[in-house]
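Take a look at the structure below.
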Amino acid sequence: MKTAIILLNWNGADDTIDCLNSLSGASGDFFVVVVDNDSHDDSVERLKEWKDAHPQMELHLVEEKENHGFAIGNNIGVRYASQFQPDYYLLLNNDTVVEPDFLVELTSFMETHKDVDVVSPVINYYADKDKIWFGGGRLKYAGRTALHRGESYSVLKEAASFPIDYVSGCAMLFKPTVLTPSGDVFSDKFFFGEEDHEFSVRMRNHHKMACVAGSKVYHKIGMARKKLSKEREDFDSYIYYLSLYVIYGLHEGLLTWCPKSVYIYMKSLNKFRCLGHSLLTSSSLSHRLFKDYQKYKAIDRKCFEELRNRFLNTQS
């Protein structure tokens, strides 16, 4: 069973090469597609050098002339890989390293559980390889949550696998049957962030998902939350709640969308209050948030950059 592993690179050759080095020691039948999202450093040259020095790995480098963001970048990789008709696709963040048996654990599970279409490994912190960053996830009423975050990996040692309904785009393996009719994995309505949330909601009623505890990946994400500027916290929160409007606006009927939109409004209001804004300012932000949803209906690159400029460059 052949697996296409998709990596996305943007000015991150150090991490991407670390990931490729770990994949070179992995078991299983796979090839790798690296999509370079218009890097402005020496990433492409370094990746070509790595490829030439490792002829034993089947590595394809796709060079894009525009930064398409996470969702579309991965879609480009999946479409490119589809010409080789893999049995599975695996999206993998470039800032990860893998255990040698991580892929075999995932594909072996899929071969013995034909009713499951999407699986996640356990994703631990790179800095503390026994501590879980993502051990599967759950969808909430209008949101999502990661399971077992911050817990020791030992809590999962007795669980070979378990059902989940939210998967992280950091590392996810899936069958071609989950792709859209146009051959995409993610919606193009997202530039960066929450595309995996929308994917999980889309899978919810038609495809089973599971977390395979024996498969481990390590993510180079900080264990301690970095102190962000007030403007950055506002921006991140605004993007998150706008994403919720987009996701559930896409997938809910009128009767369920109306109460969920009110719920998202109230959750955003509470979040802005928690960030230190007055009730009046929080209400204004939440109102503008809903107006922006009506305006954009997506968080594509244009929307993302306009909002980033509003919050991070020209506060209004």
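The values are calculated or read from the model by the stated rules, or taken from the named source; none is laboratory data. As the structure is a computational prediction, the values presented were derived from the model and not from experiment. Glycine also receives a Cβ, built like all others from the backbone with ideal geometry; neighbour counts cover every protein chain displayed.
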Q) Any idea how many residues of region 93-144 are small (G, A, S) and either part of a helix (DSSP H, G or I) or within 27 Å of S24 (Cβ to Cβ) (or both)? A) 4
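Keeping to region 156-189, report how many residues are free of Cβ contacts under 8 Å to residues at least 60 places away in the same chain, outside any strand (DSSP E or B) and not hydrophobic (A, V, I, L, M, F, W, C).
Let us first name the residues in region 156-189 that are free of Cβ contacts under 8 Å to residues at least 60 places away in the same chain, namely 156-168, 180-182.
Of the ones still in play, those that are also outside any strand (DSSP E or B) are 156-160, 165, 167-168, 180-182.
Narrowing further to those that are not hydrophobic (A, V, I, L, M, F, W, C): 157-158, 165, 168, 180-182.
Result for region 156-189: 7.
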Q. Quick one: what pairs do we get from region 288-299, first residue assigned by TED's automatic domain parsing to the domain that holds V246 and of a type in the set (K, R), second crowded, with 16+ Cβ neighbours inside 10 Å and outside any helix (DSSP H, G or I), C-beta under 9 Å, 6+ apart or different chains?
A. K297/K189
(Q) Checking Y88 against (1) among the aromatic types (F, W, Y); (2) touching a Phe, Trp or Tyr at 6+ places or on another chain (Cβ under 8 Å); (3) over 16 Å from M1 (Cβ atoms), only one condition comes out false. Which one? (A) (3)
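Just to be sure, is D18 acidic (D, E), over 22 Å from F192 (Cβ atoms) and surrounded by fewer than 22 Cβ atoms within 10 Å (Cβ to Cβ)? Outline the logic, then answer.
Details: acidic (D, E): yes; over 22 Å from F192 (Cβ atoms): no; surrounded by fewer than 22 Cβ atoms within 10 Å (Cβ to Cβ): yes.
Considered against the rule, which asks whether it is acidic (D, E), over 22 Å from F192 (Cβ atoms) and surrounded by fewer than 22 Cβ atoms within 10 Å (Cβ to Cβ), D18 comes out as no.
Looking for whichever is modelled with pLDDT of 95 or more, assigned by TED's automatic domain parsing to the domain that holds R204, aliphatic (A, V, I, L, M) and in a strand (DSSP E or B) here; the options are V62, V44. Which one fits?
Values: V44 fails: in a strand (DSSP E or B).
It is V62.
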Q) List pairs: first in region 199-215 and surrounded by fewer than 19 Cβ atoms within 10 Å (Cβ to Cβ), second charged (D, E, K, R), Cβ under 8 Å, 6+ apart or cross-chain? A) R204/D165; H207/D117; K208/D115; K208/D117
Q: Would you mind telling me which numbered condition in (1) assigned by TED's automatic domain parsing to the domain that holds E105; (2) assigned to a loop (DSSP other than H, G, I, E, B); (3) modelled with pLDDT under 95; (4) not charged (D, E, K, R) A224 fails?
A: (1)
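Can you tell which of F272, F304 is at pLDDT below 95, of a type outside the set (S, T, N, Q) and part of a helix (DSSP H, G or I)?
Just one listed residue meets the conditions, F304.
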Q: Would you mention how many residues in region 1-42 are over 23 Å from F174 (Cα atoms) and of a type outside the set (S, T, N, Q)?
A: 11
